[in-house]
1. Show me, for region 138-152, the HN-Hα J-couplings you get by feeding each phi into the Karplus relation (A = 6.51, B = -1.76, C = 1.60, θ = phi - 60°), rounded to Hz, glycine and proline as x.
2. Test of understanding: extend the Cα→C-beta vector of Lys51 to 7 Å, then name every residue of region 69-84 with backbone N under 20 Å from that spot.
3. Residue separation times 0.36 nm, minus the C-alpha to C-alpha distance between Ser96 and Thr28: what's the value?
4. Cross-link candidates for Lys175: which lysines have Cα within less than 25 Å, leaving aside residues fewer than 8 places away along the same chain?
5. How large is ³J(HN,Hα), in whole Hz, for each residue of region 31-40 in order, when computed from phi with the Karplus curve 6.51 cos²θ - 1.76 cosθ + 1.60 and θ = phi - 60°, using x for Gly and Pro?
6. Under a point spin-label approximation (7 Å from Cα along Cα-to-Cβ), what is the Lys109-Gln164 distance to one decimal in nm?
7. Can you work out the Karplus-derived ³J(HN,Hα) for every residue in region 53-58? Use 6.51 cos²θ - 1.76 cosθ + 1.60 with θ = phi - 60°, whole Hz, and x for glycine or proline.
8. As an exercise, find the ratio Rg/Rh for region 24-173 from alpha-carbon atoms, using the Kirkwood inverse-distance average for Rh.
Amino acid sequence: MKGISLACAALLLWVFAPVARAAEGAPTDQQIAGIVVTANQVDIDAGNLAKERAKSKEVKDFALRMITDHTGVNKQAAELVQRLGIKAEHSPTSESLKKGGDENLSKLKKLPESAFDRAYVGHEVAYHEQVLSAVDKTLIPNAKNPELKALLEKSRPVFESHLQHAKELEATLNKPAGAASGR
């Protein structure tokens, strides 16, 4: 029972954390740049681990796609902030993303090989849902610089395709062994 209460408390904290962040004020363009870079790096780090630990070729291929695509977005963000003469800044949101990414890596590293693929892909589904929500509700609406806003808008379909791919992969991984297809 105590474990359920802790789980409920953690869920409530996760659900209401965006409200608390909103009360702190809207992020600046520098903080948005920091959030974008951190969010992409979290996924790159998870992809690198999955590239090494995943059993399924499909999961390894997905991990490589995450590494490639998120590295590309970070490169574009770095070029943009350099061109604009601004510096990406840390914020409570970017720090929370980094901490969550480190915790995920730690959990994934401890999993037996048989559980890794499902855990990695399941996290990718949840993570991309959170990223898309942040892009739509916080980052794009608060970006003041038109080039930064355009980068976010251009990157959104990539994140959406990652989510769809992760969901399809998750469904495949969760299909019982030997299940007949098309029935």
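1. 10, 6, 4, x, 9, 5, 8, 6, x, 6, 5, 4, 5, 4, 4
2. Only 69-78 fall inside the zone, counting backbone N under 20 Å.
3. 22.8 nm
4. By straight Cα distance, Lys175 reaches Lys51, Lys55, Lys57, Lys60, Lys107, Lys109, Lys110, Lys167.
5. 5, 4, 4, x, 5, 4, 4, 5, 4, 5
6. Once both label points are built, they end up 3.5 nm from each other.
7. Residue by residue, region 53-58 yields 9, 5, 8, 6, 4, 5 Hz.
8. Values: Rg = 15.3 Å, Rh = 15.6 Å.
Checking Rg against Rh, the ratio lands at 0.98.
Read-outs throughout are calculated quantities, based only on the coordinates presented, and are distinct from any laboratory measurement. Only a predicted model underlies this, so the values are computations on that prediction, with no experimental measurement involved. Positions of Cβ are backbone-derived with ideal geometry, glycine not excepted, and every protein chain shown enters the neighbour counts.
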